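The values are calculated or read from the model by the stated rules, or taken from the named source; none is laboratory data. Predicted, not measured: the structure shown is a model, and the values here were computed from it. Because the Cβ atoms are built from the backbone with ideal geometry, glycine has one as well, and the counts that use them run over all protein chains shown. The area values use the complete protein model at the heavy-atom level, side chains included, leaving out ligands, DNA and RNA. Shrake-Rupley method; radii C 1.70, N 1.55, O 1.52, S 1.80 Å.
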Amino acid sequence: MLKIHGIPRSRAFRCIWAAEEAGLPYEVIPIGFLPGFKLEQAVAINPNNKIPALEDGGLVLFESLAINLHIAAKAGAPLMPAGDDASRVMQWTLWSATEVEPHVMRWSYNAYLKPEAERVAAEAAVGKDLLDARLRVLDGELAQRPFLLGAGFTIADLNLASVLYGSWLNGYDYAPFPKVKAWMDACMMRPAALRARKQREG
Ligand SMILES: N[C@@H](CCC(=O)N[C@@H](CS)C(=O)NCC(=O)O)C(=O)O
């Protein structure tokens, strides 16, 4: 049984979605930063004291997207394809973490996450400019095929869509990127995504 440490209102959502797609049994150990949870109490298995973390038997992992690669590898194809496509999964996953997430977060903190008085509109605008540049690239790729690797959904789609999910849900303007918008809608409406979203959105 996979043990996902975290709460659905955190990046643990990504791992819950991955476990749902993989069809693997999992348990959520609710530790987090919302009232009623205690992140001030150390997350004993994560030296960064952050969520999520995963326990799978004797293996302990941190970093949500790495956890997802592990979960997908357990399920195998089609969620985690083999050969060159496995390298493409790594490419898109690292792109999500390094090229996309910092700009999503810059926009998100200043558009909806921070208390209104602490938001800086200019920061949100910079985040949006930088994210838009990546979404233009993504739109061009998704004009060539419905999912990142081809005809079918893989963990590459899940990792990138889960990084974009908060912005998609909270009013980011995806209209200039119609292929990205259609792909995000398709990813987030998958039955496994809906089961994970129900835990997060209620
Ligand atoms: N890169 C890490 C980021 C983990 C992270 O920042 N998690 C947040 C919750 S979504 C957290 O634990 N924040 C508490 C803190 O930073 O003290 C990952 O993807 O797992």
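Roll a 1.4 Å probe over the protein heavy atoms and report the accessible area of residue 181 in Å², nearest 10. The accessible area comes out at roughly 80 Å².
The DSSP beta bridges internal to the chain are antiparallel in roughly 65% of cases. Here the label points at residue 90 and residue 9, each 7 Å from Cα along the C-beta direction, are separated by 3.8 nm in the simple model. For residue 149, neighbours were defined as the other residues whose beta-carbon sits under 12 Å from its Cβ, and their charges (Lys and Arg +1, Asp and Glu -1) total -2. The residues of the chain expose, per residue, 48 Å² of accessible area to a 1.4 Å probe.
Provide the gained length on full extension for the span residue 105 to residue 60, in nm with one decimal, where the gain is 0.36 nm per separating residue minus the Cα-Cα distance. Don't skip to the answer; put the middle values down first.
On the way: separation 45, 0.36 × 45 = 16.20 nm, distance 2.61 nm.
Between residue 105 and residue 60, full extension yields an extra 13.6 nm.
Using the Cβ atoms and a cut-off under 12 Å, what net charge is assigned to the surroundings of residue 123, where Lys and Arg are +1 and Asp and Glu are -1?
Working: positive: 106, 114, 119, 128; negative: 118, 129.
Value of the local net charge: +2.
A crude spin-label estimate for the pair residue 27 and residue 143, with each label 7 Å from Cα along the Cβ direction, gives 5.0 nm. Projection of the Cα convex hull of the chain, averaged over all directions and equal to a quarter of that hull's surface, yields 11.5 nm². Each label was represented as a point 7 Å from its Cα along the Cα-to-Cβ direction; for residue 82 and residue 117 these points are 5.9 nm apart.
With a 1.4 Å probe and all protein chains left in place, how much of the accessible area of the chain comes from carbon and sulfur atoms, in whole percent? Taking all protein chains in place, the chain shows 56 percent carbon and sulfur surface.
By per-residue mean of other Cβ atoms within 10 Å, what is the highest-first order of 5-11, 98-104?
On the way: 5-11: 22.0, 98-104: 17.4.
Top of the packing list down: 5-11, 98-104.
Between residue 45 and residue 195, the contour length at 0.36 nm per residue exceeds the Cα-Cα span by 51.4 nm. Over segment 84-190, all Cα pairs binned in 10 Å intervals from 0 give whole-percent P(r) values of 15, 49, 28, 8, 1, listed from short to long.
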